[in-house]
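Below: one structure, written as structure tokens.
The values are calculated or read from the model by the stated rules, or taken from the named source; none is laboratory data. The shown structure was predicted, so the numbers you read here are calculated from the model rather than taken from an experiment. Neighbour counts run over all protein chains shown; Cβ positions are idealised from the backbone, glycine included. To get the accessible areas, we keep the full protein, side chains included, count just its heavy atoms, and leave off ligands, DNA and RNA. Shrake-Rupley method; radii C 1.70, N 1.55, O 1.52, S 1.80 Å.
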Amino acid sequence: MSHKAGFVSIIGKPNVGKSTLMNALIGEKLSIITPKAQTTRHRILGIVNEENYQIVFSDTPGIIKPKYQLQDSMMSSVNGALSDADLILFVTDIHEGHDENDVLEKIEKTTIPIIVLINKIDTATQEDVEEKTTYWTEKLNPKHVFAISALHEYNLSGIMETVLNFLPEHPAYYDKEDLTDRNQRFFVSEIIREKIFNNYQKEIPYSTEVVVTSFKEEEKITRISAEIIVERDSQKNILIGKGGSMLKKVGTEARKDIEKFLDQKVFLETFVKVLPDWRSKKNYLKSFGYEN
């Protein structure tokens with residue numbers, strides 16, 4: 001029996017629902033989801049395994065015009081995801097005003113097959129859906145257009161069948177037991193980062209990086225230490241909060257989710273460290289796993 005395997009890159013502007021979509025398609029929460037734009041910073045692979053196929057989905061950062069070195073690295077990961085893709089899932093928000101030129105620059109001239117996913121249709125009229133479907137059909141001549149709601153997992157079933165039609169016959173790229181290419185430390189740092197995005201406003205979440213400095217698995221408990229990196233002392237003070245109250249809240253919320261993720265009791269301690277302008281310094285970015 002033939003076996004199919006291939007890479008499917010999920011791309012689009014920030015906050016259109018790419019991470020929600022990937023989590024829904026693979027049936028696991030691998031990418032963090034917050035209401036804020038530009039939450040995803042790394043290319044994260046989510047792998048769907050069945051007996052006769054393996055689909056490797058790439059969740060990618062939202063496409064933007066980079067303003068500092070970190071965003072350059074984020075856009076490099078998008079380019080990498082496009083260069084090895086067998087298929088592109090272009091996700092667009094039903095409410096976008098056709099101003100996706102940053103994305104279109106990357107995909108308009110590609111020879112890789114494109115499927116357009118018009119997301120968040122649960123908040124739109126049938127007329128909106130028809131208008132957007134016509135627009136993207138004429139604009140990109142995609143292989144297929146789906147109107148979906150990733151959040152409510154509406155109209156996703158047909159996507160998997162369509163994806164399989166465009167994947168080549170190939171042996172599995174990853175072990176059939178693998179769900180992702182990332183390790184537990186990565187997901188622990190992402191869970192902590194998600195709580196920061198959910199608990200702080202304005203620039204704080206975007207100026208923050210989380211590094212797991214210690215991860216010790218014991219028989220009945222996993223002991224984790226993490227550093228939360230910020231760019232300025234004023235950010236450190238806001239992050240910690242009065243009497244450490246905010247940092248404690250973030251730590252408690254993160255610990256509960258990490259325990260669910262690891263299926264084990266967790267002791268989590270967090271520290272805040274200032275590294276001035278880390279988002280613009282290549283040596284820091286490289287040490288945090290951002291590669292150009």
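Do any of 120/260; 216/281; 18/139; 216/248; 18/106 go past 25 Å between their Cα atoms, and which? Walk me through the intermediate numbers first.
Values: 120/260 28 Å; 216/281 30 Å; 18/139 21 Å; 216/248 21 Å; 18/106 17 Å.
Listed pairs above 25 Å: 120/260; 216/281.
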**Message:** As I understand it, the value is the acute angle between the Cα axis of helix 69-83 and the longest principal axis of the Cα atoms of the chain; what does it come to in degrees, rounded to 10?
**Reply:** 30 degrees
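Indicate the gyration tensor shape class of the range 204-292 (rounded, prolate or oblate), computed on the Cα atoms with a ≥ b ≥ c the square roots of the eigenvalues: a/c under 1.5 is rounded; otherwise a/b larger than b/c is prolate and the rest oblate.
Details: a/c = 2.61, a/b = 1.39, b/c = 1.88.
It is oblate, given that a/c is not under 1.5 and a/b is not larger than b/c.
Per residue, how much accessible area does the chain have with a 1.4 Å probe, in Å²?
Each residue of the chain exposes 48 Å² on average to a 1.4 Å probe.
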**Item:** Cut-off 10 Å between beta-carbons: net charge of the residues surrounding residue 5, Lys and Arg +1, Asp and Glu -1
**Value:** -1
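Computed FRET efficiency, Cβ-Cβ of residue 76 and residue 220, R0 35 Å: what is it to the nearest 0.05?
On the way: r = 42 Å, r/R0 = 1.19.
It comes to 0.25.
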**Prompt:** With all protein chains present, how much of the accessible area of the chain (probe radius 1.4 Å) comes from carbon and sulfur, to the nearest whole percent?
**Reply:** 47 percent
**Prompt:** How large is the dipole of the chain about the Cα centre if only Lys and Arg carry +1 and Asp and Glu carry -1, each at its Cβ, rounded to the nearest 20 debye?
**Reply:** 1460 debye
**Message:** For the chain, take the longest principal axis of its alpha carbons; what is the angle in degrees between that and the long axis of helix 245-262, to the nearest 10 within 0 to 90?
**Reply:** 50 degrees
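Calculate, in nm to one decimal, what residue 84 and residue 232 gain on full extension: separation in residues at 0.36 nm each, minus their alpha carbon distance.
Taking residue 84 through residue 232 to full extension adds about 49.5 nm, to one decimal.
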**Message:** Under a crude label model (7 Å from the Cα following the beta-carbon direction), how far is residue 105 from residue 165 in nanometres?
**Reply:** 3.3 nm
**Item:** Value at 222 nm in deg cm²/dmol, rounded to 500, when DSSP H runs of n ≥ 4 in the chain each add -39,500 (n - 2.57)
**Value:** -11000 deg cm²/dmol
**Request:** Specify whether the C-alpha gyration tensor of the chain places it in the rounded, prolate or oblate class, a ≥ b ≥ c being the square roots of the eigenvalues: rounded for a/c under 1.5, otherwise prolate if a/b is larger than b/c and oblate if not.
**Result:** prolate
**Request:** Would you pull out the residues with amide H under 5 Å of residue 222's amide H, same chain only if 5 or more places away, H placed 1.01 Å from N?
**Result:** 265, 266, 267
**Accessible-area value, residue 100, 1.4 Å probe, nucleic acids and ligands omitted, Å²** = 0 Å²
**Prompt:** To the nearest 10 degrees, how steep is helix 184-199 against the longest Cα principal axis of the chain, on a 0 to 90 scale?
**Reply:** 80 degrees
**Asked** Under 5 Å between amide H atoms, partner at least 5 residues away or on a different chain: which partners does residue 229 have, H built in plane at 1.01 Å?
**Response** 209, 210, 211, 273
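Placing +1 at every Lys and Arg Cβ and -1 at every Asp and Glu Cβ, with all other atoms neutral, what dipole size does the range 194-292 have around its Cα centre, in debye to the nearest 20?
280 debye
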